[in-house]
Amino acid sequence: MPVALLALAIGGFGIGLTEFVIMGLLPEVADDFSVTETTAGYLISGYALSVAVGAVALTLALTRIPRKTALLGLMVLFILGNLISAIAPDYGTMMAGRVVAALCHGAFFGIGSVVAAQLVAPDRRASAIAFMFGGLTLANVLGVPLGTLLGQAAGWRSTFWAITVIGVAAFVGIAALVPARTGSGEAASAGVRAELSAFASPQVWLSIAVTVLGYGGMFGGFTYIAFTLTEVSGFASGAVPLLLVLFGVGLFVGNLYGGRAADRDLVRTLQVALAALTAVLAVFALTAGSQVLTVVMLVLMGAVGFGTVPGLQMRVMAYADRAPTLASGANIAAFNVGNALGAWVGGLTLAAGLGYTSPLWAGAGVTALGLLVLLVAVRAPGGERRAVPVPVAAAA
């Protein structure tokens, strides 16, 4: 893999750390700003909403800017947002910092996916995308636990200072390693009109729907996993962080192997992965009373769930034909919409008193619906291609 992918992965690591490390530091943040934990929790939901907005709005705004320049600008936004969070004197400023940092999230992964795919040979493009997303998965495995420990030992602000430094490292890496022109030599997207025209393809919309449902089902089960682990499986609350590290290991491994499999056969990989994820969520719900099987299924849920990500991202880019950048960003937004949908459906099952395994059943149902949409898409006109080439946008 080109060394430039490492710079993109470092950026992904920092962004993943920003998104998830706050979960372990909410008590300290709430205490420092004298707000309730519920209010502090808005720092998470506010970030997620901003990701979805930025993924489309910023990507569209950057269509005429060379992709390397766009990535550098997004990293500046990321650095600024985390710097604001590190020095925030009050809750409102902290929220502003979270929003600023989140705005770059979707656009970075959207544009970065196109750049990563163009840095390698056609038969390695899904693997290249997976390598970049590997930084995000590694943030869950190592970054979040270490960032939480740092914040608890030296104050939560120290974690955001550390993330700011990571952002600077990513900026330097992208500036030094990512070529100004990639693939066939283009530097920028094809322009606003061309980027929007990609959405005239029904396959683009079907791909986005598969992302929302397929990935959303996994996240719906994961959102309430702490309750499942403690109330059904019988683990002590102190064991939950270690179990989540194992889940993160599954994410990391599944991401890499999912990218390799998608390079060999994109359609079959997605079909098998979504069917397997549906089965894993259902079996997890049935066996959650066993601690041994719970550990196994937790790792498998992470591996199979995130194993879909490179293929899902590659499919929407491929069907966006000559202008993949905005479609790529929109698909990143779709992941976050799926997160919200899965969490909402899982929450409905809990509110209905169906028990702490019900979010897993709900997740299995949502993922199965995503598989159904994929099967329809494959059989629709133009959807039967088994190895879909990632397009290269024309120069502006």
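The values are calculated or read from the model by the stated rules, or taken from the named source; none is laboratory data. Please read these numbers as outputs of a predicted model, since none were measured by experiment. Neighbour counts run over all protein chains shown; Cβ positions are idealised from the backbone, glycine included. With ligands, DNA and RNA removed, areas are computed over all heavy atoms of the protein, side chains included. Shrake-Rupley method; radii C 1.70, N 1.55, O 1.52, S 1.80 Å.
Of the listed peptides 147-159, 64-76, what is their order by residue-averaged count of other C-beta atoms within 10 Å, with the highest listed first? Don't jump to the answer; show the numbers that get you there.
Values: 147-159: 17.9, 64-76: 20.2.
The peptides rank, most packed first, as 64-76, 147-159.
Just the number, please: carbon plus sulfur as a percent of the accessible area of the chain, 1.4 Å probe, no ligands or DNA/RNA counted. Don't skip to the answer; put the middle values down first.
On the way: 10460 of 14580 Å².
Of all accessible area on the chain, carbon and sulfur atoms account for 72 percent.
Mind checking the dipole of the chain: about its Cα centre, +1 per Lys or Arg Cβ, -1 per Asp or Glu Cβ, Debye to the nearest 20? Could you put the intermediate results ahead of the total?
Details: 17 positive and 14 negative charges, 246 e Å.
Here the chain has a charge dipole of around 1180 debye.
If you place +1 on the Cβ of every Lys and Arg, -1 on the Cβ of every Asp and Glu, and leave all else neutral, what size is the dipole of segment 195-381 about its Cα centre, to the nearest 20 Debye? Don't jump to the answer; show the numbers that get you there.
On the way: 6 positive and 5 negative charges, 55 e Å.
The calculated dipole for segment 195-381 is roughly 260 debye.
With a cut-off of 8 Å between alpha carbons and a minimum separation of six or more residues, what is the relative contact order of the chain in percent? Could you put the intermediate results ahead of the total?
On the way: 803 pairs, mean separation 99.5, N = 396.
Relative contact order comes out at 25 percent.
When ligands, DNA and RNA are left out and all protein chains stay put, how many square angstrom of accessible area per residue does the chain have with a 1.4 Å probe? The partial results should precede the final answer.
Values: 14580 Å² over 396 residues.
Roughly 37 Å² per residue, with all protein chains present.
Using R₀ = 22 Å, calculate the FRET efficiency as 1/(1 + (r/R₀)^6) where r is the Cβ-Cβ separation of LEU242 and TRP344; round to 0.05. Present the calculation step by step, with values, prior to reporting the outcome.
On the way: r = 28 Å, r/R0 = 1.28.
So the FRET efficiency works out to roughly 0.20.
Sort LEU326, LEU62 from largest to smallest accessible area, using a 1.4 Å probe on the heavy atoms of the protein chains. Walk me through the numbers on the way to the answer.
Values: LEU326 5, LEU62 30 Å².
Order by accessible area, largest first: LEU62, LEU326.
When the Cα centres of segment 1-45 and segment 295-334 are compared, how far apart do they sit, in Å?
Taking the Cα centre of each part, segment 1-45 and segment 295-334 sit 21 Å apart.
As I understand it, the dipole of segment 213-331 uses +1 on the Cβ of Lys and Arg and -1 on the Cβ of Asp and Glu, about the Cα centre. Which of GLY214, VAL283, GLY238 lies farthest toward its positive end?
Ranked along the dipole, the leading option is GLY214.
Sticking with the crude label model, points 7 Å out along Cα→Cβ, report the distance from MET23 to LEU49 in nm, one decimal please.
2.0 nm
Please say if segment 1-179 is rounded, prolate or oblate, where rounded means a/c under 1.5 for a ≥ b ≥ c the square roots of the C-alpha gyration tensor eigenvalues, and otherwise the choice is prolate for a/b larger than b/c and oblate otherwise? Intermediate values should be presented prior to the final figure.
Working: a/c = 2.19, a/b = 1.73, b/c = 1.26.
Verdict is prolate for segment 1-179.
Is the shape of the chain best called rounded, prolate or oblate, per the rule: a/c under 1.5 gives rounded, else a/b larger than b/c gives prolate, else oblate, with a ≥ b ≥ c the square roots of the Cα gyration tensor eigenvalues?
It is oblate, given that a/c is not under 1.5 and a/b is not larger than b/c.
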